[in-house]
Amino acid sequence: MLISFYRFWHGRLRLKGAGLIVRLLAPYFGSLQSFPLLLPEGQILRLDFRDVSAWYWIKYVLGDKLEEAGLVEAVCRASKPGDVIWDVGANCGLFSYLLARRLPDCRIIFFEPNRAVYEIACAALQPFSQVSGINIGLSCRKQDHVPLVVPSGGSAVGTVEPQVLGEGNYTLHVALDAGDRLVEQVGLPAPNTIKIDTEGHEADVLTGLARTIANLKPMVFFEHISLSDDRVKKLVPFGFKLCSVSNRTGEFTMGFDRFVGHNSALLPESSTLGS
């Protein structure tokens, strides 16, 4: 009933306030903690409106402008049939889902260490045979039982970085692995494109992929919200150029500019993108 009200008030009338009401009531209504959301392909997601991941999906279904719309456009324009795309830090799977619908001839592999949102991603992506998921995070080396700090209601900003996120956090223990090891020893298909959203752990992810990046020159997209300007510039590997990705259009701007968007791209110097 409450979600029907939200669909009408926010989705149809485009008025504000309904989301706040649902958020306030979600802790007290079991129906809002396991809400069945039907996606266009027929799969059903069980969403908990106490967590931000549920709002990503309901807003997508209602046709809202998505915060990663520009990044989706950039990755789609840069990809070609047969490419392998790694989605590192997939959360509830919406980014991989949007790519899967747009890029049926690309293989997509998503990584997410938080089991709860990983299962939502698996349910959402089940109809797409070109997509597979792995319930681990990527880092600089293989590690088991690493603390993942997650703000209550904020699975999208869970992090293995040691900084304190504030009150109301809980800790999971997750597995991490290095991308190079997965390619060289496990036999995972090497990526042509990598998207990284790991809440400050991006440098470790890139370190764990150093050989793959040096040898195969994939395009790398990463969120820079949790990184300082100097840290971002130090991430640029030899033979790559740094670009900023427009939040709105996905267009590239040479260099680093936070006003353009919250994602950056590392493009091989031979690439004509961003020129």
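What follows is calculated from the coordinates using simple rules that are stated; it is not laboratory data. This one's a predicted model, so the numbers in the text were calculated from it and none came from an experiment. Counting neighbours? That spans all protein chains shown, and the Cβs are built from the backbone with ideal geometry, glycine included.
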Candidate lysines for bridging to Lys59, where Cα separation is under 16 Å - those fewer than 8 sequence places away on the same chain excluded: Lys16
Stretch in the chain that is longest and holds no GluC sites (Glu not before Pro) that DSSP places in a loop and that have at most 16 other beta carbons within 10 Å: 168-268
Cα pair distances exceeding 15 angstrom across the stretch 2-61, given as percent: 46 percent
Glu184/Thr272 FRET efficiency (R0 22 Å; Cβ-Cβ; nearest 0.05): 0.15
Dmax and Rg, reported as Rg then Dmax, of the stretch 39-123 (C-alpha, Å): 12.7, 38
Fluctuation leader among Asn215, Asn114, Asn263 - the chain, Gaussian network, Cα springs under 10 angstrom: Asn215
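Taking the number of other C-beta atoms within 10 Å as the exposure measure, put Asp180, Asp48, Asp197 in order starting with the fewest.
Values: Asp180 21, Asp48 18, Asp197 24.
The order, fewest Cβ neighbours first, is Asp48, Asp180, Asp197.
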Translational D in µm²/s for the stretch 116-262 (Stokes-Einstein at 20 °C, 1.002 mPa s, Kirkwood Rh from C-alpha pairs): 128 µm²/s
Beta bridge orientation in the chain: antiparallel %, DSSP, nearest 5: 55 percent
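Of Lys65/Lys233; Lys80/Lys142; Lys80/Lys241; Lys195/Lys234, which pairs sit farther than 23 Å apart, going by alpha carbon to alpha carbon? All intermediate terms of the calculation are to be shown ahead of the outcome.
Details: Lys65/Lys233 30 Å; Lys80/Lys142 31 Å; Lys80/Lys241 20 Å; Lys195/Lys234 18 Å.
Long pairs (Cα-Cα over 23 Å): Lys65/Lys233; Lys80/Lys142.
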Hydrodynamic radius (Kirkwood) for the chain, which is based on Cα pairs only, to one decimal in Å: 19.3 Å
Choice from Leu176, Leu25, Leu99 with maximal GNM fluctuation in the chain (Cα, 10 Å cutoff): Leu25
Cα-projected label distance for Glu67 with Lys234, points at 7 Å along beta-carbon direction, nm: 2.6 nm
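Where does the chain land at 222 nm, in deg cm²/dmol rounded to the nearest 500, when only DSSP H runs of n ≥ 4 count, each adding -39500 (n - 2.57), divided by all residues?
Details: 9 runs with 72 residues, N = 275.
The per-residue figure over the chain is -7000 deg cm²/dmol.
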Cut-off 18 Å (backbone N to label point 7 Å along Cα→Cβ of Tyr28), residues of the stretch 37-54: 49-51
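Report, as a whole number in µm² per second, the diffusion coefficient that Stokes-Einstein gives for the stretch 190-237 at 20 °C and 1.002 mPa s using the Kirkwood radius over alpha carbon pairs. If you can, show how the numbers build up before the last one.
Working: Rh = 11.0 Å.
Once the numbers are plugged in, D ends up at 195 µm²/s.
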